[in-house]
Amino acid sequence: MKKLPDSVKRTVIQKLNEGLSYRQIANSVNVSFGSVKNIADSNKISAPKCRAGRRCLLNDYDRRAVNRLVRSGAVKSGTDIQKKLKNTHGNRELTKLGFKARRKVKKPLLTKRHHELRLKFAKDHQHWTPEQWANGFWTYESKINLHGPNGIKYIWKKPSKTITSRDVTPTLKFGDGKILFGEVFARLVLEI
């Protein structure tokens with residue numbers, strides 16, 4: 001094996017200090033991979049750390065766009081994001097941005113009027129005592145689905161305790177092939 005000229009060794013050392021990989025240096029200087037490694041070892045120059053795994057497909061601009069799309073509710077899944085960005089990276093990028101797949105909460109479908117009436121009821125009764133609450137009609141219901149369980153829907157969101165309207169799957173009171181069993185317990189105390 002012939003000895004490398006000093007000029008080639010200096011070039012290799014310079015390129016190692018620039019942070020190029022052994023393979024890149026070997027190709028640019030026309031020496032073998034082993035020669036580059038030997039020069040690095042003899043001069044105590046450590047190899048640049050290679051990043052493992054596939055190269056990230058999203059740049060910072062794309063990440064911000066994904067964040068906006070998810071927060072605004074314009075997309076519902078990683079597949080929707082892929083369609084919007086015309087790329088093949090959805091769920092992995094959502095996870096990197098801090099989002100987690102969560103089950104959507106099922107609540108009755110409420111209109112704006114329902115919200116207003118519920119708020120009014122809450123304000124009217126916020127100072128009631130436990131004795132006042134004990135006087136009234138209370139119902140208990142159980143439901144049996146005739147056509148299998150209701151499907152589970154997921155949403156991507158960052159961990160938080162607040163629930164927005166986007167996090168809810170509305171349910172309808174009548175339909176969906178179910179039977180409801182209910183009981184009514186009446187406790188009225190007449191004030192004389």
Self-check item: Val168, Val105, Val75, Val66 arranged by Cβ crowding within 10 Å, fewest neighbours leading
Solution: Val105, Val168, Val75, Val66
Exercise. Please report Ile155, Ile81 as a ranked list, fewest other C-beta atoms within 10 angstrom at the top and most at the bottom.
Key: Ile155, Ile81
Quiz item: Once you put a point 7 Å from the Cα of Ala101 and another 7 Å from the Cα of Thr164, both along the Cβ direction, what distance in nm separates them?
Solution: 2.1 nm
Quiz item: In what order do Thr11, Thr129, Thr79 fall by count of nearby beta-carbon atoms within 10 Å, going from fewest to most?
Solution: Thr129, Thr79, Thr11
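FYI, it's all coordinate maths here, none of it is from the lab. Everything numeric in this text was worked out from a predicted model, so none of it was measured. Here Cβ is always computed from backbone atoms with ideal geometry, including for glycine, and neighbour counts include all displayed protein chains.
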